[in-house]
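Chemist: Provided herewith is a single structure, encoded as structure tokens, for subsequent inquiry.
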Amino acid sequence: MLVGVLFLIVGCNAKAKETTSERLKEKVKLAKAYCEQNNMNLDVCVLIDMQIHSGKKRFFLWDFKGDSIIKTGMCSHGSCGGGYSDDGTISEPDFNNVPNSHCSSLGKYKIGKRGYSTFGIHINYKLHGLEKTNNKAYQRYIVFHSWNVIDGEETYPYAIDESWGCPAVSNNFMREMDVILKGKKKPVLMWIYK
């Protein structure tokens, strides 16, 4: 009986990974076409899959030329509440574009200028929402930054801390991303999807 249960669990995990991989590949095709049409960077893009539990790596830096993942990392989502850790959205996050909601917004973003952050390693990148679902991101101060409480390793089944809507990563991951982003002449696409 135990062997059957283990086989079922392993089979379910393999199927979940395959589904995630298929979804990622589909997003990559659409992301590349979008970048070509909108004169954006064709070296890399950032894909963040919010269907993946926050305790697992769901931030993917994709290499268009090598057709592969360069880096993966942990990434927060918004609490949609008053605090940094509203238990209501840990496993099933809510998303909207409403100012002061502390929710993340789904959709495509242009990663903008590098600036100073009060969080993490004191670097952030402005995010410009490119769709109706996230077009208030700049106004809402939704930025890409690091945060000291974000773990660099997977914590599943435990969730990581929630932000006020920003896609926050670990300090070390942000250092690696900063090296890549600050050297790009054309804007890099970030796509947060579910």
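Chemist: Among 71-80, 140-149, how do they line up by average Cβ neighbours within 10 Å per residue, starting with the highest?
Modeler: Final packing ranking: 71-80, 140-149.
Chemist: Further question on the same structure: In deg cm²/dmol, rounded to 500, what helix-only [θ] at 222 nm does the chain give when every DSSP H run of at least 4 residues adds -39500 (n - 2.57) and the total is split over its residues?
Modeler: For the chain, the value works out to -8500 deg cm²/dmol.
Chemist: Using a 7 Å offset from the Cα along the Cα-to-Cβ direction at both Ser21 and Lys113, what is the distance between the two label points in nm, to one decimal?
Modeler: In this crude label model, Ser21 to Lys113 measures out at 4.2 nm.
Chemist: So how far apart, in nm, are the two label points at Asn148 and Lys186 if each is 7 Å from Cα heading toward Cβ?
Modeler: Result: 3.9 nm between the two label points.
Chemist: Continuing with this model, one more query. Could you tell me what a quarter of the Cα convex hull surface of the range 23-76 works out to, in nm² with one decimal place?
Modeler: 3.6
Chemist: What is the extension gain from Leu42 to Thr133, computed as 0.36 nm multiplied by their sequence separation minus the C-alpha to C-alpha distance, in nm to one decimal?
Modeler: Residue separation times 0.36 nm, minus the Cα-Cα distance, leaves 30.4 nm.
Chemist: Regarding the chain, what is the average projected area of its C-alpha convex hull, in nm²?
Modeler: Mean shadow area of the hull around the Cα atoms is 11.3 nm².
Chemist: Now a separate question. Among the listed pairs Lys27/Lys126; Lys56/Lys132; Lys27/Lys132; Lys132/Lys186, give every one whose C-alpha distance is greater than 25 Å.
Modeler: Lys56/Lys132
Chemist: In square nanometres, what is the average projected area of the Cα convex hull of the range 128-194?
Modeler: It is 5.5 nm².
Chemist: The range 142-194: which GluC sites (Glu not before Pro) are DSSP loop and have at most 12 other beta-carbon atoms within 10 angstrom?
Modeler: The qualifying sites are Glu153.
Chemist: Separate question: Once you place label points 7 Å from the Cα toward the Cβ at Leu30 and Tyr193, how far apart are they in nm?
Modeler: 0.4
Readers should treat all values here as calculations from the given coordinates under stated rules, not as data from a laboratory. Just so you know, these numbers come straight off a predicted model, no measurement behind them. We place every Cβ from the backbone using ideal geometry, glycine too, and count neighbours over all the protein chains shown.
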